[in-house]
Amino acid sequence: QVQLVESGGALVQSGGSLRLSCKASLNFFSGYTMGWFRQAPGKQREMVATISPIEPTNYADSVKGRFTISRDNHKKEVYLQMNSLKPEDTAVYYCSARDVVKEYWGQGTQVTVSS
């Protein structure tokens, strides 16, 4: 059974930093495009950042220059380093894993940025 388990969400002040982690129980982890998405109350889920085996990393315009996605294929983990956090970054952050036929999601971790 595939599991994606996020951790690292917390309450942080504006301007602070957090590092989210996602541990995946996936065979052939290195072949998956991993991503971080977020959903704020009353809003649709949106892409934050993705990291592919062959394509460049991709970021939402709203987080470029502040967030960095990375992965450790040996540990089967993906990370999201979030710096200069803003109140508008408040959301539940979800980890995703996608290949050509399948897509998996974690349960999410709450990030709250206070002003």
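The values are calculated or read from the model by the stated rules, or taken from the named source; none is laboratory data. Quick caveat, the model's predicted, so the values are computed rather than measured. Don't worry about glycine lacking a Cβ; one is built from the backbone with ideal geometry, like all the others, and counts go over all protein chains shown.
Observations, loosely collected:
- Strands (runs of 3 or more DSSP E) contained entirely in segment 12-115, each with at least 3 residues that are within 12 Å of the chain's Cα centre (by Cα): 18-24, 33-39, 46-51, 67-72, 77-82, 91-98, 109-114
- Neighbours by Cβ (under 6 Å, 6+ apart or cross-chain): first from segment 64-80, within 15 Å of Ser25 (Cα to Cα); second surrounded by 18 or more Cβ atoms within 10 Å (Cβ to Cβ) and among the aliphatic types (A, V, I, L, M): Arg71/Met34; Arg71/Ile51; Arg71/Val78; Lys76/Ala24; Val78/Met34
- Meets criteria (on the phi > 0 side of the Ramachandran plot, surrounded by 12 or more Cβ atoms within 10 Å (Cβ to Cβ) and at pLDDT 95 or above) for Gly16: no
- Test: residue in segment 69-83 that is farther than 18 Å from Gly106 by Cβ, in contact with a strand residue (DSSP E or B) (Cβ under 6 Å, 6 or more places away or on another chain) and surrounded by 15 or more Cβ atoms within 10 Å (Cβ to Cβ): no
- Within segment 2-11, the set of residues being surrounded by 14 or more Cβ atoms within 10 Å (Cβ to Cβ) and either among the β-branched types (Val, Ile, Thr) or part of a helix (DSSP H, G or I) (or both) comprises Val5 only.
- Residue tally, condition acidic (Asp, Glu) and under 15 Å from Arg98 (Cα atoms), over segment 44-85: 2
- Summed over segment 31-64, the residues that are closer than 17 Å to Cys95 by Cβ and either of a type in the set (Phe, Trp, Tyr) or surrounded by fewer than 12 Cβ atoms within 10 Å (Cβ to Cβ) (or both) give a count of 4.
- Residue check, Lys102 surrounded by 15 or more Cβ atoms within 10 Å (Cβ to Cβ), over 13 Å from Phe37 (Cα atoms) and basic (Lys, Arg): no
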